[in-house]
Each structure stands twice: as structure tokens, then as C-alpha cells.
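This report refers to the structure that appears directly beneath it.
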Amino acid sequence: MSSPRPAPPATLVIGMLLARRGDFPEVADLLAERFGAFDLVSPWWAFAFTAYYAAEMGAPLSRRVIAFRRRVPQEALAEIKLVTGELEGRRAREGRRTVNLDPGILVPERVVLATGKPAAHRIYLGSGIYADLALVYREGAFRPLPWTYPDYAGAPLRGFLEAVRARHLFDRRETASWSAA
């Protein structure tokens, strides 16, 4: 029989889509104000996987992902998605978003993204938010699933998340060694 126990904290990652890369500093400041200091920031990647956002945000779009230093409770994902939705709204111009924020949590075994869109593989968390299992760690790497968004399935973004995972594991070992001293 299993005994319930708290889940270990996760690394918060937030993917962003921007039509204007020059908006990054302002968006980054808003995120840091709410979630704390950054640990790692990805390079820019062109986002040309879908035209879904183009009518609202313009084109071409660029993707960047931020990993935060402070760990978060895994069960906070829905609340974090609501906060990022509010930040998107604050940055909107004439009712149109200028940034799309995709929060997720990373633990050594997986990456889970938050979304407001239901689907057969998504688990309802509450408050209109669903958990989307995006990547699983197997055989030494993050592996996409059939429904994983194409950019998250691609080698560049997975490679960045593997670096975030390595940092997460290092920090966890360092914390354990300090608490044992």
C-alpha cells in the first residue's frame, strides 16, 4: 500500500511567445517581480509551427523559455497559469495580446505545462486549468509524447530543458548535503 506524501518542489519554467523581441525586458521584469530571479534563460527560437497566434499577435513570432531559481509546489501550477494570464492581459493592446505565456513545471521525471484548453490527455486541475504532460524523461533525455507541442518536441527546446533538469538535480543534491551537515 502506498502512503501519501508531499510532492517535491518543481522548477518553474515559463515559455513566452513575442512578436517583438524588444518587449522581452519589460515582460521579464513582470515575471521576475511575481516569481523571483531567473536561473536560466534560453536563446531565442523562431516560432513557425502554427499560424494560430498570428492574427492576434502578429508575425513572425519568437519563443524564449525562462527557468526560475525559486522552486514551486507542483500543486501551484493552476494558480501560476492564472497569474500569467493576468500578466498577458496587462500587456494587451487594443484587446490583443502582445505576449503569450506558457507556464510549466519541471521535475526530473517530466515537464508539465498548464493550459486552459481541455483535451483527452489533459487532467483538470481546477479554476479552468488543465495539466498537459508534455515531456517524459527516459533513456537519458526528455522524450516527446504524441500530443507534445512541436516546439517542445524539438531538439533545441528539449536540450534547454535538459540543462534546466541538470541544474534542478544539482540544486537538490546541494540542498540535501547542506541540510545533512
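The values are calculated or read from the model by the stated rules, or taken from the named source; none is laboratory data. In this text the structure is predicted, and so the values were computed from the model without any measurement. Methodologically, a virtual Cβ is constructed for each residue, glycine included, from the backbone with ideal geometry; neighbour enumeration extends over all protein chains shown. These area figures cover heavy atoms from the full protein model, side chains too; ligands, DNA and RNA do not enter into them. Shrake-Rupley method; radii C 1.70, N 1.55, O 1.52, S 1.80 Å.
Computed values, structure above
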| read-out | value |
| --- | --- |
| Any hit, segment 29-52, residues being modelled with pLDDT of 95 or more, within 23 Å of Leu77 (Cβ to Cβ), in contact with a Ser or Thr (Cβ under 8 Å, 6 or more places away or on another chain) and among the acidic types (Asp, Glu) | yes |
| Residue under evaluation Gly95, criteria (1) in contact with a helix residue (DSSP H, G or I) (Cβ under 8 Å, 6 or more places away or on another chain); (2) on the phi > 0 side of the Ramachandran plot, criterion not met | (1) |
| Meets criteria (aliphatic (A, V, I, L, M), farther than 28 Å from Gly126 by Cβ and in contact (Cβ under 8 Å) with a residue 60 or more places away in the chain) for Leu101 | no |
| Residues satisfying the stated conditions in segment 152-163, i.e. in contact with a strand residue (DSSP E or B) (Cβ under 8 Å, 6 or more places away or on another chain) and under 13 Å from Pro43 (Cα atoms) | Pro156, Leu157, Arg158, Phe160, Leu161, Ala163 |
| Residue check, Glu162 charged (D, E, K, R), at pLDDT 95 or above and either over 22 Å from Leu30 (Cα atoms) or buried (at least 20 other Cβ atoms within 10 Å of the Cβ) (or both) | yes |
| Selection from segment 9-54 of residues that are open to solvent by 60 Å² or more (accessible area, probe 1.4 Å), in contact with a Pro (Cβ under 9 Å, 6 or more places away or on another chain) and closer than 22 Å to Ala67 by Cβ | Pro9, Pro43, Ala46, Phe49 |
| Count of residues meeting criterion [open to solvent by less than 50 Å² (accessible area, probe 1.4 Å) and on the phi < 0 side of the Ramachandran plot] in segment 55-88 | 21 |
| Exclusive hit being open to solvent by less than 50 Å² (accessible area, probe 1.4 Å) and either free of Cβ contacts under 8 Å to residues at least 24 places away in the same chain or basic (Lys, Arg) (or both), set Ala119, Ala141 | Ala141 |
| Selection within segment 1-56 - more than 27 Å from Phe170 (Cβ to Cβ) and touching a strand residue (DSSP E or B) at 6+ places or on another chain (Cβ under 7 Å) | Leu17, Leu18, Ala19, Arg21, Asp23, Val27, Ala46, Phe47, Tyr53, Glu56 |
| Cβ-Cβ under 8 Å pairs, at least 6 apart or on other chains, segment 6-30 side within 21 Å of Thr50 (Cα to Cα) and charged (D, E, K, R), far side assigned to a strand (DSSP E or B) and open to solvent by 70 Å² or more (accessible area, probe 1.4 Å) | none |
| Asp132 vs. criteria outside any loop (DSSP other than H, G, I, E, B) and over 19 Å from Pro73 (Cα atoms) | no |
| Restricting segment 146-155 to residues that are outside any helix (DSSP H, G or I) and more than 22 Å from Glu75 (Cα to Cα), the residue that is least open to solvent (accessible area, probe 1.4 Å) | Gly154 |
